[in-house]
């Protein structure tokens with residue numbers, strides 16, 4: 001017997017009006033469910049078909065039986081108290097996931113093996129297998145939220161894979177667009193972040209990067225300009241206190257054993273670029289009034305040192321070249 005939905009090929013024709021599409025029907029062979037002696041789904045089983053989850057409303061006697069599923073509602077279901085790290089207690093409000101191959105419900109959230117199934121309405125002990133009330137909710141966007149995500153050597157907690165074959169003469173091709181509209185006044189020390197990320201390290205790691213960007217080309221496409229990071233500041237009004245397209249700060253209670261620097265620039269290839277920095281200005285105004293503006297913050301103004309160098313030179317810039325200290329002399333304008 002074919003899939004019931006294969007018969008509908010006329011646009012605008014209503015397929016199902018049962019609770020606004022809450023009930024869906026599939027062949028038993030399409031469903032993943034807990035294991036039974038006869039191998040077929042039983043009434044009340046949690047099931048998954050691709051990314052569709054629900055509870056079976058009937059039992060099957062053959063793989064060709066049509067089984068109706070309820071994709072919503074509150075159901076008493078068997079849940080295992082485990083997550084990606086092992087045994088884990090279930091709390092009210094925890095997201096419950098269903099295994100794509102076994103139909104087992106738990107808090108294991110790895111997207112490679114599990115799909116969000118619903119929300120726990122009861123509690124249960126870690127490591128236990130118990131029947132609890134679960135609010136079933138088929139919502140593909142729930143997959144973006146993870147109550148717990150275990151990192152692995154080759155696992156992406158959230159992967160967005162975009163294949164763009166469109167052609168454009170203007171506009172933008174964007175893999176992710178986030179628009180944050182701040183309409184409420186913030187005061188005191190409040191901040192607004194369009195994107196905020198926190199990286200916490202408690203285990204050993206050879207390389208830790210809060211943000212990474214990798215760009216490569218296949219073949220030889222014509223590329224007018226490429227940049228790993230592009231920031232454009234438009235007009236910000238007349239009441240702005242400070243404007244800094246790139247703002248870097250760090251707390252250095254303990255110095256690094258090796259390199260300790262605000263920024264590193266490294267050429268990995270064999271062809272040198274024209275310059276480390278390119279300063280451009282529009283409308284014949286130049287780029288900035290000063291190349292560098294050093295504020296001492298009440299302490300030493302290193303690497304700018306106020307010291308007599310000789311002649312009318314009253315300051316110097318400290319520079320290290322191959323572990324040897326040098327100075328670039330300066331004089332007052």
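When each of the peptides 193-199, 25-31 is scored by how many other beta carbons lie within 10 Å of its residues on average, the order from highest to lowest is 25-31, 193-199. Computed over the stretch 147-296, relative contact order equals 7 percent, with contacts defined as Cα pairs under 8 Å that lie 6+ residues apart.
Annotation: extensible slack from residue 265 through residue 199 equals 21.5 nm (criterion: 0.36 nm per residue apart, minus Cα-Cα distance).
Using R₀ = 35 Å, calculate the FRET efficiency as 1/(1 + (r/R₀)^6) where r is the Cβ-Cβ separation of residue 29 and residue 131; round to 0.05.
Numbers: r = 27 Å, r/R0 = 0.78.
Computed FRET efficiency for residue 29 and residue 131: 0.80.
Which length gain, in nm to one decimal place, applies between residue 102 and residue 284 when the Cα-Cα distance is subtracted from 0.36 nm times their residue separation? Could the numbers behind the result be given before it?
On the way: separation 182, 0.36 × 182 = 65.52 nm, distance 6.79 nm.
Separation in residues times 0.36 nm, less the Cα-Cα distance, equals 58.7 nm.
Subtracting the Cα-Cα distance of residue 92 and residue 294 from 0.36 nm times their residue separation leaves 67.3 nm of extension gain.
For an R0 of 35 angstrom, estimate the FRET efficiency from the Cβ-Cβ distance between residue 36 and residue 159 and round to the nearest 0.05.
Numbers: r = 34 Å, r/R0 = 0.96.
Plugging the Cβ-Cβ distance into 1/(1 + (r/R0)^6) gives 0.55.
Could the peptides 159-167, 325-333, 104-112 be put in order, highest first, of the mean number of other beta-carbon atoms found within 10 Å of their residues? Walk me through the numbers before you get to the answer.
Details: 159-167: 6.6, 325-333: 11.0, 104-112: 19.8.
Result, highest mean Cβ count within 10 Å first: 104-112, 325-333, 159-167.
Sorting the segments 45-58, 210-223 by their mean number of nearby beta carbons within 10 angstrom, highest to lowest, gives 45-58, 210-223.
Cβ crowding within 10 Å, taken as a proxy for footprinting-reagent exposure, orders 294, 124 from fewest neighbours to most as 294, 124.
Here, each number is a calculation from the coordinates, and none is a lab measurement. Remember, predicted model here, so these are calculated numbers, not experimental data. Using ideal geometry, Cβ is built from the backbone for each residue, glycine included, and neighbour counts are taken over all protein chains shown.
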